[in-house]
Amino acid sequence: MIYTLTLNPALDIIIATDSVSRDSINNTELKSVSAGGKGFNTSRALNCLKTDNTAIAFCGGLFGDDMKKLLEKERIKSRLIPIRDNIRVNIKVVERESKKLIEFNEQGPLIHQDEINSLTSILKRLKPKPEYVIISGSLPAKADPGIYKKIIEILKADKIKTFLDTSGRALYYGMLVLPDIVKINNHEITEVCKRYFKIKPEKLIADLLNKGIKMIMVTNGSEDTTYFDKTGTYNVTPPDTGGSYKTGAGDSVNAGLMYSMKKNYSIEKRLKFATACGNANILSKIPGKFEIKTVNSLISDIKVKKISSYS
């Protein structure tokens, strides 16, 4: 069993228009409404891979019932923790002419201490016991930036493996307690090195691998991804799929990594499969959604090269 954790869920609304105008009414077409947040996106992608999982998330306020109905409709198994404030609404606008995606994301609700206590109580008693908990996404408004650190400590105390995908101070504190896997983008690791660790990214990555993190994956948008573990450093060149719906692609990569690790794929096959999941999602209209046949069709177009051995 894999659990995903979403502390800042959202209703993701995707609309399309020919081009965005500041001076006149923009006529739009509703493309999709889905349960959003990186954990939900990852759970959706795991479902596409027929991998058993449960999504843990805060949920409440004005749109809480809508979120529950969307999850039930998609058959995403969930354990929702009631909160008093409103979950956020994210609006994503696709310009057909430019194929650009413009995103408007709310900051998120205020989470009260008793709601945090409910979360930690659940994490201490997870049944069935998970193989991994994927901890991902932004934090709600005014949340303790060290909350992911505390969550990882709780899970590690129960010998549960953790996968961290976040940014900023939450990433910094989370890295300090050495999750098993970290997947971030180039901007996120550059920022955390400059603002908090005060060292270069390559030095931080080497230090974290030496201290116990099993693997680190650094993405760079449509450019090459770099993967690090105790066997060495690998460069992954993705195909150019040209899709507009990039939201959820990284979460689909997370799901692909989990699936391929459960299947004991080789490192090369693992990286190709995970990258193909992300690119297949780009061709979809719902974050974290893809067809497995699309994944399989993309694998041969992905290049993996080992660029150095671990030292």
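Being at pLDDT 95 or above and open to solvent by 10 Å² or more (accessible area, probe 1.4 Å) is a property that residue 134 lacks.
Within region 214-264, take every residue that is of a type in the set (Val, Ile, Thr) and in a strand (DSSP E or B) and give me the one that is modelled with the lowest pLDDT. Here the answer is 219.
Okay, residues lined up against (1) out of contact with any strand residue (DSSP E or B) (no Cβ under 7 Å at 6 or more places or on another chain); (2) touching a residue at least 24 places away in the same chain (Cβ under 8 Å):
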| site | (1), (2) |
| --- | --- |
| 45 | yes, yes |
| 53 | no, yes |
| 64 | yes, no |
| 72 | yes, no |
| 75 | yes, yes |
| 78 | no, yes |
| 91 | no, yes |
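The sole residue among 171, 178, 119, 155 that is of a type in the set (A, V, I, L, M) and not in a helix (DSSP H, G or I) is 178.
Yes/no per residue for (1) touching a strand residue (DSSP E or B) at 6+ places or on another chain (Cβ under 8 Å); (2) open to solvent by 80 Å² or more (accessible area, probe 1.4 Å):
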position	(1), (2)
254	yes, no
260	no, no
268	yes, yes
276	no, no
282	no, no
287	yes, no
293	no, yes
305	yes, yes
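Of the residues making up region 65-80, those that are open to solvent by 60 Å² or more (accessible area, probe 1.4 Å) and in a loop (DSSP other than H, G, I, E, B) number 2. Residues that are of a type outside the set (A, V, I, L, M) and open to solvent by less than 30 Å² (accessible area, probe 1.4 Å) within region 146-159 comprise 146, 148, listed in sequence order. Within region 195-227, the set of residues being open to solvent by less than 50 Å² (accessible area, probe 1.4 Å) and either polar (S, T, N, Q) or in contact (Cβ under 8 Å) with a residue 40 or more places away in the chain (or both) comprises 209, 217, 219, 225, 226, 227. Taking the criterion of being assigned to a strand (DSSP E or B) and open to solvent by 50 Å² or more (accessible area, probe 1.4 Å), the residues of region 81-99 that qualify are 82, 91.
The values are calculated or read from the model by the stated rules, or taken from the named source; none is laboratory data. Because the structure is predicted, anything quoted here is derived from the model rather than measured. Reconstructed Cβ throughout: ideal geometry from the backbone, glycine too, with neighbour counts over all protein chains shown. Heavy atoms of the whole protein, side chains included, go into the accessibility calculation; ligands, DNA and RNA do not. Shrake-Rupley method; radii C 1.70, N 1.55, O 1.52, S 1.80 Å.
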